[in-house]
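Let me begin by presenting the structure, written as structure tokens, before commenting on it.
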Amino acid sequence: MATVFWPDLAYHHIHILRLAGQVIARAGCPILCKENTMQTTDFIVHIDETLDQTALEAIEDEIRHRSGVLSAGHRSDQPHLVQVVYDSDATRMAAILEDFRQRGLHAQAVGL
């Protein structure tokens, strides 16, 4: 099953995370103290290589398992663009890009 995650969905995903945090914080739960909150950031990765659906989904799954990455996915009509949503307190964009490159891909962040 293809994971499709794009800006309008990313907005809703991040909004839901923020709302959940507010509800927990209002309930007096110490889990979401200032030091336990996350700063979500997203960016688009352009992959030069043409990958089939299976290979692209496998790479996205691997990227998703990186500490600090919340989501990675692409639109079926633009398989060379992958959106990554991550916690900028836990990881960095450069480290995520390096994960793509270590898999033999020519990848760069776009639209910044």
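Against the test of being among the charged types (D, E, K, R), in contact (Cβ under 8 Å) with a residue 12 or more places away in the chain and loosely packed, with under 12 Cβ neighbours inside 10 Å, the options 87, 48, 52 yield a single qualifying residue, 48. Consider segment 36-80 and keep the residues that are in a strand (DSSP E or B), more than 12 Å from the chain's Cα centre (by Cα) and of a type outside the set (Lys, Arg). The one that is nearest to residue 110 (Cα to Cα) is 46. Taking the listed residues 69, 110, the one that is among the aliphatic types (A, V, I, L, M), surrounded by 16 or more Cβ atoms within 10 Å (Cβ to Cβ) and at pLDDT 85 or above is 69, with no other qualifying. Among the conditions (1) at pLDDT below 95; (2) farther than 23 Å from residue 38 by Cα, residue 88 misses just one, which is (2).
The values are calculated or read from the model by the stated rules, or taken from the named source; none is laboratory data. Everything quoted here is computed from the prediction, not taken from an experiment. A quick note on method: Cβ atoms are made from the backbone with ideal geometry, for glycine too, and the neighbour counts reach across all protein chains shown.
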